[in-house]
Amino acid sequence: MTEASTVHDFPEKSGSASNRTARVLADRAAGEAYVASVCFKHGPPRLIGVELEFTVHHADDPARSLDPDLLATALGPHTPRTLRPDSPAAPLPAGSPVSLEPGCQVEISALPQASLRDLDAVVTADLHHLRDRLARHGLVLGESGIDAHRPPRRILHTPRYAAMESRFAPIGPGGITMMCSTAGLQVCLDAGEAEHHAARWSAAHAMGPPLLALFANSRVHAGRDTGLASARWLAVHDTEPVRTRTAAVAGEPAAEWATRMMDTPLMVLPRPDRPWDAPEGLTFADWIDGRGAASLLPRPTVADLDYHLTTMFTPVRPQGYLEIRYLDAQPPGEWLAPVALVAALLARPSTVEQVRDLCAPVADRWTTAARRGLADPELAAAAAALADLGCAELGATGLAEESIAEISKSVQGRAYRSRSRA
């Protein structure tokens, strides 16, 4: 969630990467044009990827502080360089890169696949390998979206994480909690054809509150019942509103996102010889125009803008594809059901329109979803309707019939049990 994310191999931008990233941005219009071109790529939706984050615990005492040296030994050649700079940082056997969050939550970023069946095979293989390596050293993956046993503690010491911790601390405890205690499940889908961008973008947001509620499982944090359905999502929300608030969904998404990126203050400012703390209130547009503190900085390049794009923690983040970020992490063996449901709900334009209609009454109820989950009757009703719609569309995901039956039983059972209680 917090480090510069692994970029999936969705269709790439044209031109030499080195020439592109070294190019100085002439003005705000050039910055906006670049953001619009790279964040919403056109094409038929055909690929799906997933990023799975997990807290990591000592199996004999999950409340004990994680030993980073033991974690590095367990990961071996897969250890990210943020923990061991001399590591080969090899991907897992089926190709998924491994990264670590500031509290040493582990993340695997499965390479995008042409079908959910293929993605299931890749993730299953890599998760099995990862869990086996950890188990040999007495470590296990957590099963919820927030550390149920330990308070937040930053283990990784990188310039980015130091600057983030410093920036978020005056706002409250949400920042350090998000950085060091939370784990999410992120679904990555192609943005689609240009004429469908706005509808897919709108639907991906609208279904967020009921799906957040449906799969919320981060109530217990640091040994305490918070009383919240998703303490993870509220921690994310309580960092910096300009980075976490829902994007505008009523107009043209590429242009609106480009404008927002220019007007968002820098979170960090990567520099080789000094801390990465960004000048207070300096937006990217200020940097391009040389206003204020930016007058002392080199002009920004496309690479600087690319990095700025990684500092947004919105419910849905456009990266050329749609990165759907609002779901709590699930137990390691239960990640497929929410991914399949999201993929099915966005599989066809007609389904996308139904999603928007079904979710319109609850589309802005993010805080209620995180606080009450499916105890809220309106969210429970919307979640049940989405479960029915998505399960009816699972045949379009490429999954085997037995997997579809199992996912349908799990998703609909969860939705209707909770609706009955609500």
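Please give the number of the condition Asn217 fails out of (1) touching a strand residue (DSSP E or B) at 6+ places or on another chain (Cβ under 8 Å); (2) farther than 28 Å from Leu358 by Cα.
It fails just one condition, (2).
Would you confirm, using the coordinates I've provided, whether Glu252 is open to solvent by 30 Å² or more (accessible area, probe 1.4 Å), more than 19 Å from Leu374 (Cα to Cα) and at pLDDT below 95?
Against the criterion (open to solvent by 30 Å² or more (accessible area, probe 1.4 Å), more than 19 Å from Leu374 (Cα to Cα) and at pLDDT below 95), Glu252 qualifies.
Let's see how each residue does on (1) open to solvent by 10 Å² or more (accessible area, probe 1.4 Å); (2) small (Gly, Ala, Ser); (3) not in a helix (DSSP H, G or I):
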{"residue": "Ile108", "(1), (2), (3)": "no, no, yes"}
{"residue": "Thr124", "(1), (2), (3)": "yes, no, no"}
{"residue": "Arg131", "(1), (2), (3)": "yes, no, no"}
{"residue": "Pro152", "(1), (2), (3)": "yes, no, yes"}
{"residue": "Ala163", "(1), (2), (3)": "no, yes, no"}
{"residue": "Ile176", "(1), (2), (3)": "yes, no, no"}
{"residue": "Leu189", "(1), (2), (3)": "yes, no, yes"}
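Open to solvent by less than 40 Å² (accessible area, probe 1.4 Å), closer than 30 Å to Ala198 by Cβ, β-branched (Val, Ile, Thr) and in contact (Cβ under 8 Å) with a residue 40 or more places away in the chain: does that describe Thr264?
So Thr264 passes the test.
Every residue in the stretch 208-236 that is closer than 20 Å to Val316 by Cβ and either without any contact (Cβ under 8 Å) to a residue 24 or more places away in the chain or of a type in the set (Val, Ile, Thr) (or both), please.
Val236
When the residues of the stretch 330-342 are filtered to those that are among the hydrophobic types (A, V, I, L, M, F, W, C) and either open to solvent by 10 Å² or more (accessible area, probe 1.4 Å) or outside any helix (DSSP H, G or I) (or both), which remaining residue is farthest from Ala400 (Cα to Cα)?
Among residues in the stretch 330-342 that are among the hydrophobic types (A, V, I, L, M, F, W, C) and either open to solvent by 10 Å² or more (accessible area, probe 1.4 Å) or outside any helix (DSSP H, G or I) (or both), the one farthest from Ala400 (Cα to Cα) is Trp335.
Determine which member of the set Pro45, Pro93, Pro80, Pro102 is assigned to a loop (DSSP other than H, G, I, E, B), open to solvent by 40 Å² or more (accessible area, probe 1.4 Å) and modelled with pLDDT of 95 or more.
Matching residue, one of Pro45, Pro93, Pro80, Pro102: Pro93.
Against the definition (within 30 Å of Glu165 (Cα to Cα), modelled with pLDDT of 90 or more and aliphatic (A, V, I, L, M)), how does Ala59 come out, yes or no?
Yes.
The values are calculated or read from the model by the stated rules, or taken from the named source; none is laboratory data. Just so you know, these numbers come straight off a predicted model, no measurement behind them. Every residue, glycine as well, gets a Cβ built from its backbone with ideal geometry; the counts of neighbours run over all protein chains shown. Accessible surface is based on the protein model in full, side chains and every heavy atom, while ligands, DNA and RNA are left aside. Shrake-Rupley method; radii C 1.70, N 1.55, O 1.52, S 1.80 Å.
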